[in-house]
Amino acid sequence: MASRKRGKPSYVYAIVGISLVLFMLGTLGWLVMNGRMLTKAFKENVAVEVILHDNTRDENLTKLAAILEEQPFVRSVEPITKEEAAEDFFSAGGEDYTEILDFNPLYPSINIKLDAAYVNPEHLEQVRDFIMQSNIVRDVSYPNTVVDNMNENFRKIGVVMGTIALLLFVIVVILIDNTVRLAMFSNRFLIKTMQMVGATRKFITRPFDQRAVINGLISGVVAMLALYLAITFFESQLPSLKVLHDTGNMMLLMGGMIVTGVLISLLSTHRSVIKYLKMSVDDLY
């Protein structure tokens, strides 16, 4: 009983240590997740302009817009008639061409916002070829240079963040493993005593494994709540972050934190118990 009581404070330290490490991992996961959401938001903001022939009737403009809206690569479609193009031109501060011309020189058009998966040079070229099949389309334009630079920069950022995430995960596993092993160190004599009085390996490891699962659950929940409070605080200070908030991804991230805490705590505890069972009494000192 004395040994068991001496072991209890170590469990508290282990729970606190695991919670802190899981919080660090969750914070990085949140940053990576927000980075992906931000990348998606930037890509879905890239506009493809479909310029139609000058004599295109409004009903044909509407029909083409309806066809494009049904395509899998399209996120939103905004048809613009010649009259609407003129209104936009004047509202943007353009010069009054009616003083020189007696006709509207602007073309009807369709502004398209694409799904993020299609905002890359290869898919954009395929989208352009598809739209150009229509005989009322004069041209299809999009910011080539912007798309190329954006994809290249996001690729580099993704590689850096992925590398950091992998390294941190390895560090997290090592830190949690060391924390659990340190907690089990105070129980080494209890483990050996149970073995010496004839207890089976399964009987000895079961209560420690059960305790490891409980510790992992508690640590995961504590880390999850701490991360939730931190995210809520940052979103209250920077309301723009709420735009990137994805409840589904957040639930996956927090669930992953709990599962990681339980698995590493369980495996480290079980391995430590087996190690002490294999050691001689003299080696325990």
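Of the residues making up the range 249-256, at least one is at pLDDT below 85 and part of a helix (DSSP H, G or I).
Against the test of being in contact with a Gly (Cβ under 7 Å, 6 or more places away or on another chain) and more than 13 Å from ARG271 (Cα to Cα), the options GLY162, GLY216, GLY198 yield a single qualifying residue, GLY216. If you check THR56, THR39 for being in contact with a Phe, Trp or Tyr (Cβ under 6 Å, 6 or more places away or on another chain), among the hydroxyl-bearing types (Ser, Thr, Tyr) and within 28 Å of GLU125 (Cβ to Cβ), only one passes: THR39. When residues in the range 118-144 are screened for being of a type outside the set (Ser, Thr, Tyr) and surrounded by 14 or more Cβ atoms within 10 Å (Cβ to Cβ), 13 of them pass.
Beta carbons closer than 6 Å, at least 6 apart along the sequence or on distinct chains, never pair a first residue in the range 13-32 that is farther than 15 Å from ASP177 by Cβ and touching a residue at least 60 places away in the same chain (Cβ under 8 Å) with a second that is assigned to a helix (DSSP H, G or I) and among the basic types (Lys, Arg).
Per-residue answers, yes or no, for (1) without any contact (Cβ under 8 Å) to a residue 40 or more places away in the chain; (2) under 18 Å from the mean Cα position of the chain (by Cα); (3) assigned by TED's automatic domain parsing to the domain that holds ARG36; (4) more than 27 Å from MET33 (Cβ to Cβ):
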| position | (1), (2), (3), (4) |
| --- | --- |
| VAL160 | yes, yes, yes, no |
| LEU175 | no, no, yes, no |
| ARG181 | no, no, yes, yes |
| ARG201 | no, no, yes, yes |
| THR205 | no, no, yes, yes |
| GLY220 | no, no, yes, no |
| THR232 | yes, yes, yes, no |
| THR247 | yes, yes, yes, no |
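Residues of the range 38-74 that are within 20 Å of ASN149 (Cβ to Cβ) and either touching a Lys or Arg at 6+ places or on another chain (Cβ under 8 Å) or hydrophobic (A, V, I, L, M, F, W, C) (or both): LEU38, ALA41, PHE42, GLU44, ASN45, VAL46, ALA47, VAL48. If you go through the range 162-173 and keep only what is closer than 12 Å to GLY17 by Cβ and either loosely packed, with under 11 Cβ neighbours inside 10 Å or outside the structural domain of ALA223 (by TED's automatic domain parsing) (or both), you end up with nothing. Within the set ALA212, ALA226, the sole residue that is touching a helix residue (DSSP H, G or I) at 6+ places or on another chain (Cβ under 7 Å), small (Gly, Ala, Ser) and under 30 Å from ALA41 (Cα atoms) turns out to be ALA226.
The values are calculated or read from the model by the stated rules, or taken from the named source; none is laboratory data. This is a predicted model, so every value here is computed, not measured. Positions of Cβ are generated from backbone atoms using ideal geometry, with glycine treated the same way; all protein chains shown enter the neighbour counts.
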